[in-house]
Amino acid sequence: GTLESVNLDATLSPVTPGMTEAFGGGYFQRGRDHGVDAYLRACAEMRTAPISKLVKNAEGCKVIDIAHRGVGDRGCVGLGAFIMANGGVEACDLEDNGIG
């Protein structure tokens, strides 16, 4: 799927069953989740595994360093959703992630 074909509103809301428990449950308060809900919904839509480091450090996140994690093209959809919803990210290191 391309970015244009992703319909986050059609995915399960707020997240795929089991994801809340997998990430501790406390991160998913709508409006105060710092982009986590949008990220997990995009990951579910693209069928990619979320990066727990990103979820756990979403609050106050200004720099994302996820070099060498195999994010790939599909993983960038979730990452883009996170960055847009978070609003505080200033830089992102995606070196060596098989993108493009």
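The values are calculated or read from the model by the stated rules, or taken from the named source; none is laboratory data. Quantities reported herein were computed from a predicted structural model and do not represent experimental measurements. FYI the Cβ positions are ideal-geometry reconstructions off the backbone, even for glycines, and counts take in every protein chain you see. Quick note on the areas: whole protein, heavy atoms, side chains included, nothing else; ligands and nucleic acids left out. Shrake-Rupley method; radii C 1.70, N 1.55, O 1.52, S 1.80 Å.
Which condition breaks for residue 23 when tested against (1) at pLDDT 90 or above; (2) open to solvent by less than 30 Å² (accessible area, probe 1.4 Å)?
Every condition holds for residue 23 apart from (1).
Considering only segment 52-76, state which residues are open to solvent by 20 Å² or more (accessible area, probe 1.4 Å), part of a helix (DSSP H, G or I) and touching a residue at least 24 places away in the same chain (Cβ under 8 Å).
Selection gives 52, 56, 73, 74.
From (1) at pLDDT 50 or above; (2) open to solvent by 50 Å² or more (accessible area, probe 1.4 Å); (3) not in a helix (DSSP H, G or I), pick out the condition that doesn't hold for residue 12.
Of (1) at pLDDT 50 or above; (2) open to solvent by 50 Å² or more (accessible area, probe 1.4 Å); (3) not in a helix (DSSP H, G or I), only one is false for residue 12: (1).
Name every residue in segment 77-90 that is surrounded by fewer than 17 Cβ atoms within 10 Å (Cβ to Cβ) and either in a helix (DSSP H, G or I) or of a type in the set (Asp, Glu) (or both), in order of residue number.
The answer is 80, 84, 90.
Looking at the structure I just gave you, is residue 32 at pLDDT 90 or above and either in a loop (DSSP other than H, G, I, E, B) or among the charged types (D, E, K, R) (or both)?
no
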